[in-house]
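The values are calculated or read from the model by the stated rules, or taken from the named source; none is laboratory data. Not measured: the values here are computed from a predicted model. Ideal geometry is used to build each Cβ from the backbone, glycine not excepted, and the neighbour counts take in all protein chains shown. Keep in mind that these areas ignore ligands, DNA and RNA; they rest on the heavy atoms of the full protein, side chains included. Shrake-Rupley method; radii C 1.70, N 1.55, O 1.52, S 1.80 Å.
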Amino acid sequence: MAEIRENPCVSVNKLGQYLTATPALRKRIIHAQKNPPDPQYLRYPEAAQAIVEYLCGGRDEVILRYHQRRLLNAAPESDFDAHRMALCAEALQHFLASANELSLTNAVASPADVELPPLEMAGVTINVRPEIILRSVDRHGEMHSGLLKLYFAKHKPLDEQAGQYITTVLQRYAEQHLTQRGPVDHRLVRVFDVFAGKVFVAPKAQQRRMGDLQLACAEISALWPMN
């Protein structure tokens, strides 16, 4: 088990879930974020890396199928490792079936900088960690930018409301870090639920959602010492 986090901290995907969760689930989310698993027990890093390579490297299905075969044929070091590789291969199969839903025909994708700092909100550190930077040129020749975040949860698909909250955070994050690449276009700010094959685009109107996010973060900060 990784070291307990003393200061309030949450991933953007979990924050989206938190805002639509029951009180009991909210408590479990805070506890899990305060006591995160060791990085070696994360389930989908290989799937995320393969999808990034596909989106940024010509979008050739051969890339995904290569990684899928590699995962299925690898020699696992433990039962957990075997389960993780099978889940990653399954995630890639779902992505193969629904990649067109992303509708990135006119967008150029590049890997996001892993060194980008987190977002601070109402006393909580939000780990955003987008996988992809998106750029597109409009009909006037102006470059616009955005972000893509991948969501992996086989049995917990994102609903519309949670997806909208996550993309609202992504929009704020993009406005802080991407303006030098061109104005942020909310239509290029997206989260993709890999297993559900569903894309969520940042809403144009975000004031109410930002208020909800601020309140949720304030609540997480207040409850953190008690979990």
Practice prompt. With an 8 Å cut-off on Cα pairs and a minimum separation of 6 or more residues, tell me the relative contact order of the chain in percent.
Written response: 23
Fill in: Per-peptide average of other Cβ atoms within 10 Å, ordering 160-172, 24-36 highest first
160-172, 24-36
Worksheet item: What share of Cα pairs, in percent, lie more than 32 angstrom apart in the chain?
Response: 19
Worksheet item: Per the helix-only calculation at 222 nm, which mean residue ellipticity applies to the chain, given -39500 (n - 2.57) for every DSSP H run of n ≥ 4 and division by its residues, nearest 500 deg cm²/dmol?
Response: -14000 deg cm²/dmol
Worksheet item: When only DSSP loop residues count, what GluC sites (Glu not before Pro) in region 28-79 have their Cβ near at most 11 other Cβ atoms within 10 Å?
Response: Glu77
Item to complete: Place a +1 charge on the Cβ of each Lys and Arg in region 94-188 and a -1 charge on the Cβ of each Asp and Glu, then give the dipole magnitude about the Cα centre in debye, rounded to the nearest 20.
Response: 160
Worksheet item: When the chain is treated as a GNM, springs tying every alpha-carbon pair under 10 Å, which of Ser11, Ser98, Ser78 comes out with the largest mean-square fluctuation?
Response: Ser78
Item to complete: Could you list the residues of region 115-139 with an amide nitrogen less than 13 Å from a label point located 7 Å from the Cα of Val108 in the Cα-to-C-beta direction?
Response: 133-138
Discussion item. Please report, ordered by residue number, every helix of the chain (full DSSP H runs) that is 15 Å or longer along its axis going by C-alpha atoms and whose mean Kyte-Doolittle hydropathy reaches 0.0.
Written reply: 45-56, 79-98, 207-223
Worksheet item: With r defined as the distance between the Cβ atoms of Ala24 and Ser78 and R0 fixed at 30 Å, what FRET efficiency is calculated, to the nearest 0.05?
Response: 0.45
Worksheet item: Around Val201, what is the net charge, scoring Lys/Arg as +1 and Asp/Glu as -1 over all other residues with Cβ under 14 Å from its Cβ?
Response: +2
Practice prompt. Take the solvent-accessible surface of the protein heavy atoms, probe 1.4 Å, and return the percent of it on region 78-227 that carbon and sulfur atoms account for.
Written response: 50
Fill in: Net charge contributed by nearby residues that have their C-beta within less than 12 Å of Lys27 (K/R +1, D/E -1)
+2
Worksheet item: What does the accessible area per residue of region 1-137 come to in Å², with a 1.4 Å probe and no ligands, DNA or RNA counted?
Response: 55
Worksheet item: Rounded if a/c is under 1.5, else prolate if a/b is larger than b/c, else oblate: which is region 12-84, with a ≥ b ≥ c the root eigenvalues of its Cα gyration tensor?
Response: oblate
Worksheet item: Under 22 Å from the Cα of Lys198, which lysines turn up, not counting those fewer than eight places away in the same chain?
Response: Lys14, Lys149, Lys154, Lys156
Worksheet item: Taking the convex hull of the alpha carbon atoms in region 95-227, what volume per residue do you get, in Å³?
Response: 122
